[in-house]
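Structure, as structure tokens:
The values are calculated or read from the model by the stated rules, or taken from the named source; none is laboratory data. None of the values given here were measured: they were computed from a predicted structure. Heads up, the Cβs are rebuilt from the backbone with ideal geometry, glycines too, and the neighbour counts pull from every protein chain shown. Areas reflect the complete protein model, heavy atoms only, side chains present, ligands, DNA and RNA absent. Shrake-Rupley method; radii C 1.70, N 1.55, O 1.52, S 1.80 Å.
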Amino acid sequence: MTSAHTALDRFVSGVDSERLGAYGVHVLIGDEAAQHRWRSDDRENLYSVSKGVCALAAGIAVDAGVLTLDTTVADALPGIELGAGVLEVTLEHLLTMRSGIDFAWFGADPVPWPDLAGEMLRRPTSGPGRAFQYSDASVYVAMRMLGAAVGDVRDWLVPRLFEPLGIHNPQWHRCPLGHIVGGSGLYLTTEELARVGRLLRDRGRWGDVPLVSGEWIDRMHAGWRETGGGAPFERYGIAAWDGPGDAWRLDGLYGQYVVVDQSRNAVVTITAHEESRDHRLAELAAEALGD
């Protein structure tokens with residue numbers, strides 16, 4: 001089996017030879033860890049890797065009986081006007097980007113409406129579960145559903161996820177109403193994100209402590225659904241993408257990645273700012289783990 005240091009050397013060599021804009025990489029294989037930095041390990045916007053942390057929040061809530069994947073927006077957010085057919089939209093539809101509501105909003109976009117969730121949910125659906133549309137808004141609404149039950153989602157996660165992982169006072173972009181954006185805007189260092197990666201690889205366990213059920217982690221990357229898009233965005237689960245190779249990944253703009261290869265008991269965590277060839281970083285990570 002490839003060692004963490006060998007995989008690290010392969011990855012670093014590839015990044016340097018192709019002149020990719022990586023900030024840092026952390027490789028974990030078994031209990032062996034190795035890391036390399038091209039610049040200081042500052043907290044960076046994880047962009048859509050934030051969705052993976054929201055998926056963990058949802059899993060913790062489902063494990064605790066706070067919500068289920070079948071909880072509807074009507075049940076969780078009773079005060080919001082719903083468009084035609086939206087009554088049947090569930091937490092699962094939102095987390096898998098299949099609400100059927102045409103509302104492609106992202107965290108860097110302005111919020112010109114009084115309530116972002118209200119603006120999305122007042123629009124009609126073409127049918128929950130049918131069409132795939134990738135959007136930060138879907139995860140934002142999912143976290144609004146959770147927030148209606150537990151209060152501020154970031155604060156609720158501190159003792160349940162962040163503190164056990166040794167992540168102190170993480171910051172998250174918020175909407176004008178003060179709710180976390182959810183699908184983007186969480187700031188962590190490479191090393192902090194690597195702890196999230198270890199948790200995913202180890203099916204929700206941090207050492208001997210289960211933070212989220214293994215069944216939930218499995219569900220994030222099981223039963224891939226076709227998106228209708230081309231590679232590398234062909235199949236989506238719950239906040240996770242299929243590939244590269246035998247791996248699955250959390251995937252954020254400009255090259256933020258958690259690449260999990262459970263067949264090799266490995267995870268590679270990357271932060272970067274690579275504007276034109278960001279997915280090459282994920283490919284190099286999978287290649288570096290090869291025997």
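Things worth noting here:
- Residue within the range 140-155 that is open to solvent by 30 Å² or more (accessible area, probe 1.4 Å), out of contact with any strand residue (DSSP E or B) (no Cβ under 7 Å at 6 or more places or on another chain) and assigned to a loop (DSSP other than H, G, I, E, B) present: yes
- Enumeration of residues in the range 10-32 that are open to solvent by 50 Å² or more (accessible area, probe 1.4 Å) and in contact (Cβ under 8 Å) with a residue 60 or more places away in the chain: ARG10, GLU18
- Considering (1) surrounded by fewer than 24 Cβ atoms within 10 Å (Cβ to Cβ); (2) over 18 Å from ARG198 (Cα atoms); (3) touching a Lys or Arg at 6+ places or on another chain (Cβ under 9 Å), the lone condition that LEU284 does not fulfil carries the number (1).
- Residue match in the range 165-176 (condition: in contact with a Leu (Cβ under 7 Å, 6 or more places away or on another chain) and part of a helix (DSSP H, G or I)): no
- Residue within the range 216-232 that is in a strand (DSSP E or B), of a type in the set (Ser, Thr, Tyr) and under 21 Å from GLU283 (Cα atoms) present: no
- Leading residue by the ranking (surrounded by the most Cβ atoms within 10 Å (Cβ to Cβ)) among those in the range 271-281 that are in a loop (DSSP other than H, G, I, E, B) and under 19 Å from the mean Cα position of the chain (by Cα): GLU274
- When the range 179-215 is filtered for residues that are under 17 Å from ALA57 (Cβ atoms), part of a loop (DSSP other than H, G, I, E, B) and open to solvent by less than 60 Å² (accessible area, probe 1.4 Å), the ones remaining, listed by number, are VAL181, GLY182, GLY183, SER184, GLY185, GLY204, LEU211, VAL212, SER213.
- Complete set of residues in the range 87-120 that are in contact with a Gly (Cβ under 8 Å, 6 or more places away or on another chain), under 21 Å from LEU253 (Cα atoms) and open to solvent by less than 20 Å² (accessible area, probe 1.4 Å): THR96
- Members of the range 231-270 found to be open to solvent by less than 50 Å² (accessible area, probe 1.4 Å) and either among the β-branched types (Val, Ile, Thr) or modelled with pLDDT under 95 (or both), listed by number: ILE238, VAL258, VAL259, VAL260, VAL267, VAL268, THR269, ILE270
- Just one of the listed residues (SER50, SER40) is open to solvent by 10 Å² or more (accessible area, probe 1.4 Å) and on the phi < 0 side of the Ramachandran plot, and it is SER40.
- Residue count, the range 55-69 (criterion: closer than 15 Å to LEU211 by Cβ, without any contact (Cβ under 8 Å) to a residue 60 or more places away in the chain and open to solvent by less than 20 Å² (accessible area, probe 1.4 Å)): 0
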